[in-house]
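Peer 1: Right, I'll just put the structure down here and ask away after.
The values are calculated or read from the model by the stated rules, or taken from the named source; none is laboratory data. Only a predicted model underlies this, so the values are computations on that prediction, with no experimental measurement involved. Glycine gets a Cβ as well: all are built from the backbone with ideal geometry, and neighbour counts include every protein chain shown.
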């Protein structure tokens with residue numbers, strides 16, 4: 001890892017909201033000057049000045065000693081901000097009560113998505129969403145672990161595309177990953193789940209040819225090209241995952257240019273999307289939500305088969321749950337389950353966009369009044385449910401309502 005450079009690090013964070021470690025109070029870097037950084041907080045929205053040397057000294061100490069207590073006695077008066085900055089470094093983990101940052105020099109893995117896979121993701125409206133997860137058959141055999149960094153790439157017409165970067169929170173199996181994320185995921189042996197801050201997925205982030213040719217693995221190998229005179233990767237260049245040199249990781253970071261999906265926005269949207277409420281407005285546990293979801297899927301699938309459709313479960317990879325075909329007819333079925341009356345359901349942007357682009361083929365299946373037996377909280381059971389089918393389905397603007405905003409809460413001191 002290169003020596004810590006506070007100026008470069010802070011410059012990459014300008015405009016981002018950084019929650020303080022442990023207390024989640026927001027800090028936003030407004031401006032970098034010669035020797036200071038201007039930071040907005042809930043208490044001082046116009047900005048307060050923090051000298052570079054305080055951040056530089058704390059960063060150097062963290063890297064040198066491998067740990068740093070985030071407390072005014074250890075790092076100075078602006079310890080909360082300094083902790084918020086340093087926890088964005090690759091290889092840093094947070095321990096609370098008391099608040100410590102731990103540092104392990106990170107490793108950098110280049111992992112490729114097959115062209116067919118990423119094109120499906122692009123068609124499904126994943127552009128701009130947070131890169132929270134990646135799947136592979138090699139993560140665990142390569143030794144990928146928490147605090148490592150994965151750069152997810154692909155190629156289009158021979159050019160290297162950088163879809164995004166994730167900092168690994170955990171490497172899990174299929175069932176564990178689905179429990180952690182609260183949804184179905186692409187089937188693979190290994191799943192890397194990200195920690196914030198998340199980079200946005202982009203399918204148009206082309207890596208310049210010079211940079212692509214400079215990318216080097218830890219054993220000094222380079223990506224394979226079809227020729228020296230043309231920017232065209234070998235079709236097999238991204239077939240296997242590879243550990244990158246720190247210098248190559250830095251080249252890719254420069255292309256990301258501080259792009260992030262704000263954690264507050266991610267949490268707010270996910271809470272509104274996945275947080276169905278039962279009767280009495282009591283929020284369901286993740287296990288209960290899963291049981292309700294699976295029950296709705298089962299009821300809908302049974303109906304489709306009775307109607308003579310051949311059914312494929314596409315919920316892990318598409319913005320709809322089933323693709324059903326019958327004698328040349330094809331429909332895309334979005335399934336929503338609820339323990340309530342089903343008068344309103346929550347849709348993602350991808351689900352809305354896909355339904356609008358396929359208005360005659362889209363179907364909304366709402367399974368309402370599902371009964372939930374949650375006496376065993378670790379294994380709740382869902383039964384019953386009334387199926388209501390809307391076909392054709394075209395979500396209209398007047399029927400849609402925004403559920404989440406990101407709001408900067410003023411800091412309050414007792």
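Peer 1: Report the residue count in the range 367-383 for those that are free of Cβ contacts under 8 Å to residues at least 40 places away in the same chain and either closer than 24 Å to residue 306 by Cα or in contact with a helix residue (DSSP H, G or I) (Cβ under 7 Å, 6 or more places away or on another chain) (or both).
Peer 2: Total satisfying the criteria: 3.
Peer 1: Another question about this same structure. Which members of the range 183-224 meet the condition of being assigned to a strand (DSSP E or B) and either in contact with a helix residue (DSSP H, G or I) (Cβ under 7 Å, 6 or more places away or on another chain) or closer than 17 Å to residue 252 by Cα (or both)?
Peer 2: Within the range 183-224, 191, 193, 198, 200, 206, 216, 217, 222 qualify.
Peer 1: Looking at the range 323-341 only, could you name the residues that are under 20 Å from residue 382 (Cα atoms) and assigned to a strand (DSSP E or B)?
Peer 2: Once the filter is applied, which keeps residues that are under 20 Å from residue 382 (Cα atoms) and assigned to a strand (DSSP E or B), the range 323-341 yields 334, 335, 336, 337.
Peer 1: I would also like to ask the following. Pick from 63, 126: which is in contact with a helix residue (DSSP H, G or I) (Cβ under 8 Å, 6 or more places away or on another chain), buried (at least 16 other Cβ atoms within 10 Å of the Cβ) and touching a residue at least 40 places away in the same chain (Cβ under 8 Å)?
Peer 2: 126
Peer 1: If you go through the range 32-59, how many residues are in a loop (DSSP other than H, G, I, E, B) and in contact (Cβ under 8 Å) with a residue 40 or more places away in the chain?
Peer 2: Count: 3.
Peer 1: Further question: What do you reckon, is residue 112 modelled with pLDDT of 90 or more, surrounded by 21 or more Cβ atoms within 10 Å (Cβ to Cβ) and on the phi < 0 side of the Ramachandran plot?
Peer 2: Yes: the conditions hold for residue 112.
Peer 1: Could you identify the single residue in 94, 85, 37, 55 that is at pLDDT 80 or above, under 23 Å from residue 148 (Cβ atoms) and buried (at least 16 other Cβ atoms within 10 Å of the Cβ)?
Peer 2: None of the other options fit; the residue is 85.
Peer 1: Looking only at the range 342-356, filter to residues that are at pLDDT 85 or above and not in a helix (DSSP H, G or I); which one of those is farthest from residue 122 (Cα to Cα)?
Peer 2: Checking each candidate, the answer is 345.
Peer 1: Could you list all residues from the range 140-178 that are farther than 18 Å from residue 108 by Cβ and in contact with a helix residue (DSSP H, G or I) (Cβ under 9 Å, 6 or more places away or on another chain)?
Peer 2: Answer for the range 140-178, where residues must be farther than 18 Å from residue 108 by Cβ and in contact with a helix residue (DSSP H, G or I) (Cβ under 9 Å, 6 or more places away or on another chain): 155, 156, 159, 172, 178.
Peer 1: What about residue 281, is it at pLDDT below 90, over 22 Å from residue 186 (Cβ atoms) and out of contact with any strand residue (DSSP E or B) (no Cβ under 7 Å at 6 or more places or on another chain)?
Peer 2: Yes.
Peer 1: Please determine whether any residue of the range 177-197 is without any contact (Cβ under 8 Å) to a residue 40 or more places away in the chain and closer than 21 Å to residue 90 by Cα.
Peer 2: The answer is yes, given that some residue of the range 177-197 is without any contact (Cβ under 8 Å) to a residue 40 or more places away in the chain and closer than 21 Å to residue 90 by Cα.
Peer 1: Now a separate question. Name the strands (runs of 3 or more DSSP E) wholly within the range 108-181 that hold at least 1 residues that are within 21 Å of residue 317 (Cβ to Cβ) and within 15 Å of the chain's Cα centre (by Cα)?
Peer 2: Hits in the range 108-181: 133-136, 149-156, 159-172.
Peer 1: Given the conditions (1) more than 25 Å from residue 181 (Cβ to Cβ); (2) at pLDDT 85 or above; (3) assigned to a loop (DSSP other than H, G, I, E, B), report the number of the one that residue 320 does not fulfil.
Peer 2: Of everything listed in (1) more than 25 Å from residue 181 (Cβ to Cβ); (2) at pLDDT 85 or above; (3) assigned to a loop (DSSP other than H, G, I, E, B), residue 320 misses just condition (1).
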